[in-house]
1. Looking at the chain as a GNM with Cα springs under 10 Å, which of ALA51, ALA65, ALA22 has the largest mean-square fluctuation?
2. Give me a comma-separated list of calculated 3J(HN,Hα) values for region 83-91, in order, Karplus coefficients 6.51, -1.76, 1.60 applied at θ = phi - 60°, integers in Hz, x for any Gly or Pro.
3. Considering all projection directions equally, how large on average is the shadow of the alpha-carbon convex hull of the chain, in square nanometres?
4. Measuring with a 1.4 Å probe in the full set of protein chains, what accessible area per residue, in whole Å², belongs to the chain?
5. Counting only protein heavy atoms and a 1.4 Å probe, tell me what percentage of the chain's accessible area is made up of carbon and sulfur.
6. Give me the net charge of ALA46's neighbourhood, meaning all other residues with Cβ under 15 Å from the Cβ of ALA46; Lys, Arg count +1, Asp, Glu -1.
7. Quick one: which residues, 5 or more positions from VAL63 or on another chain, have an amide H under 5 Å from its amide H? H modelled 1.01 Å from N in the peptide plane, none for Pro or chain starts.
8. Of the peptides 139-146, 110-117, how do they stack up when ordered by the mean number of other Cβ atoms within 10 Å, highest first?
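The values are calculated or read from the model by the stated rules, or taken from the named source; none is laboratory data. What you see is a predicted model; the values in this text were computed from it and never measured. Cβ: placed from backbone, ideal geometry, glycine included. Neighbour counts: every protein chain shown. Heavy atoms of the whole protein, side chains included, go into the accessibility calculation; ligands, DNA and RNA do not. Shrake-Rupley method; radii C 1.70, N 1.55, O 1.52, S 1.80 Å.
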Amino acid sequence: GTGVVTIGTILAIADHLDGLDAAVLDQTGLAQKGGSVVSHIRLGPAPGSVASPRIPAGEADLVLACDMVTAAAPDPRSRIAAGRTHIVVNAYASITGEQARHPGRRLPSETVLSALRRAAGDEAVTLVDATRLANALIGDSIGGNLLLVGHAWQQGLVPLGAEAIEAAIRSLGVAVDQNLRAFALGRR
């Protein structure tokens, strides 16, 4: 599909198509058992300019929070710095493993968002109802992730050409029309 790992791949391919350098580090951990997925994506100004894919503490320029709970966890949140990091957050709060085990428990969305706002500053956090929009406009919630990319791109937060991102989507050959539409909707 077009999950977190695929988003990293698309951005890395687009970066190379733009003649730049990219490195991606995917941390899938326990994702196969309902855990989180985090990708560090470093884009460099010239081939050979990215030495390591891992984003050091406090050095993220952009956090695409496809899952707000994952983004607010201690390790991803440690990459955020006020005055530097912008966060584009999917407003949809995915059900956690804890909620699956205890259905009566509610996800404290405001608590999670507050943690992100404290880390980056209120003005640096943009909330997008990406899952709901993707379901309504594309017919598939997974399109919400590329919708977030499109929104961040339109805000000037993704330093890649739109044509390169679209070419990268086409090069993967998976749900191409749907993914191009999700990216375009996010830009709108």
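1. In the Gaussian network model the winner is ALA51.
2. With the stated coefficients, region 83-91 comes to x, 10, 8, 9, 10, 10, 10, 6, 5 Hz.
3. Numbers: hull surface 41.5 nm².
With every direction weighted equally, the projected area is 10.4 nm².
4. On the way: 9490 Å² over 188 residues.
Value returned for the chain: 51 Å² of accessible area per residue.
5. Working: 4920 of 9490 Å².
Carbon-and-sulfur percentage of accessible area, whole number: 52.
6. Values: positive: ARG42; negative: ASP15, ASP18, ASP21.
My count for the surroundings of ALA46 gives -2.
7. HIS86, ILE87, VAL88
8. Numbers: 139-146: 21.2, 110-117: 16.9.
The most tightly packed comes first, giving 139-146, 110-117.
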